[in-house]
Amino acid sequence: MPNLTRETARDVTENCCRELKKLGIEYVFSSALRDELKEYPARLFCEDADFVDCADYVISIGGDGSMLRAAKIAALKNKKILGINAGRLAYLCSLDANEMHLLSALKEEKFSLQSRMMLKTELFRDEKKISENFCINDIVFCRVADIGLIDLSVRANGKNIGDYLADGLILATPTGSTGYSLSAGGPIIEPTLDAIVLSPICPHSLAVRPYVFAASTVFEISCRLRAGDVSVGFSCDGEKTVLLDESSVVKVEKAEASAQFISIKSDNFIDVLNKKLEIKKM
């Protein structure tokens, strides 16, 4: 699953396919990429509904955003995923573009797996379920278009835990704790743990701080809208923002499915984190 909008992704994809062919590993693409990859034989393209089902592994080529999109698809199909970096530093990717020789670990099954918890969201309006989605990183509640504070009410396991007047609110997995949640002042959590981080974004009160909840916690988030208030919405893993109204309630809980990240190298969480933070300082 290459993200061909990335400048180097096509070259990385070609090198990956060349190495897979040398190893005797068959590969397929989604038929949605047929026009962009015209140089590849037609037999290498499968319909979207089938191309993940027929695979043993999913390979994402791109950055962290590409990895999140591919990992969600893989997780819901119960497939293991390997990320190959086609950007500056993709924190979630196991291999860099110059490490294609390490793909032999797939054939030899010489790799470890990291299980990453996911969150499930359900949107209700007037107590009727409207939609369902999943995320690996975070769910972000925020203002839409206009500038101003939003007013959110949060319940956990049926009990009110707080009303948040802030720029927004983040519910993050341990994987997502080093993303937007970290920038908003949230804690870093080892990614293989099971927990949910609640991080307010620029809260109106200095007394409001991030919380870490048990993974079994079930949240219900609603917003209060008054005349002249800014619009409020939420987004899963940076996807399209869904608008909320006063009758909306968003239920968030741990998903039954989990993402299975393939790790080929021996880099541990702290090594990768320190490398990422050093890059950000530049």
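The values are calculated or read from the model by the stated rules, or taken from the named source; none is laboratory data. Here the structure is a predicted model, which means the values were calculated and not measured. Virtual Cβ from ideal backbone geometry, glycine too; neighbours counted across all protein chains shown.
The table that follows gives values for the structure above.
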item	result
Qualifying positions in the stretch 174-233 - among the basic types (K, R) and over 29 Å from L92 (Cβ atoms)	R224, R226
Number of the exception - L152 against (1) under 18 Å from S258 (Cα atoms); (2) crowded, with 16+ Cβ neighbours inside 10 Å	(1)
Hits in the stretch 157-180 (condition: part of a helix (DSSP H, G or I) and either more than 12 Å from the chain's Cα centre (by Cα) or surrounded by fewer than 21 Cβ atoms within 10 Å (Cβ to Cβ) (or both))	Y180
One residue from L82, L92 being surrounded by 18 or more Cβ atoms within 10 Å (Cβ to Cβ), of a type in the set (A, V, I, L, M), touching an Asp or Glu at 6+ places or on another chain (Cβ under 7 Å) and outside the structural domain of E239 (by TED's automatic domain parsing)	L92
Search result, residues across the stretch 186-204 that are buried (at least 23 other Cβ atoms within 10 Å of the Cβ) and touching a Gly at 6+ places or on another chain (Cβ under 7 Å)	V197, S199
Strands (runs of 3 or more DSSP E) contained in the stretch 112-152 and holding at least 2 residues in contact with a Lys or Arg (Cβ under 9 Å, 6 or more places away or on another chain) and in contact (Cβ under 8 Å) with a residue 12 or more places away in the chain	112-125, 128-135
Residue in the stretch 223-243 that is modelled with the lowest pLDDT, counting only those that are loosely packed, with under 13 Cβ neighbours inside 10 Å and not in a strand (DSSP E or B)	A227
Any hit, the stretch 90-111, residues being under 22 Å from A255 (Cβ atoms), assigned to a loop (DSSP other than H, G, I, E, B) and at pLDDT 90 or above	no
Meets criteria (crowded, with 17+ Cβ neighbours inside 10 Å, closer than 25 Å to A255 by Cβ and without any contact (Cβ under 8 Å) to a residue 60 or more places away in the chain) for S183	no
Count of residues meeting criterion [at negative phi and acidic (D, E)] in the stretch 120-145	3
Condition met for L37 (under 24 Å from M118 (Cα atoms) and not in a helix (DSSP H, G or I))	no
Residue match in the stretch 27-36 (condition: touching a helix residue (DSSP H, G or I) at 6+ places or on another chain (Cβ under 9 Å), under 30 Å from N274 (Cβ atoms) and of a type outside the set (D, E))	no
Selected residue [in contact with a Leu (Cβ under 9 Å, 6 or more places away or on another chain), free of Cβ contacts under 8 Å to residues at least 60 places away in the same chain and closer than 18 Å to K21 by Cβ] from L102, L44	L44
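Matching residues to (1) in a strand (DSSP E or B); (2) within 26 Å of D96 (Cα to Cα); (3) not basic (K, R):
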| site | (1), (2), (3) |
| --- | --- |
| I188 | no, yes, yes |
| S205 | no, no, yes |
| S216 | no, no, yes |
| I221 | yes, no, yes |
| D245 | no, no, yes |
| I262 | yes, yes, yes |
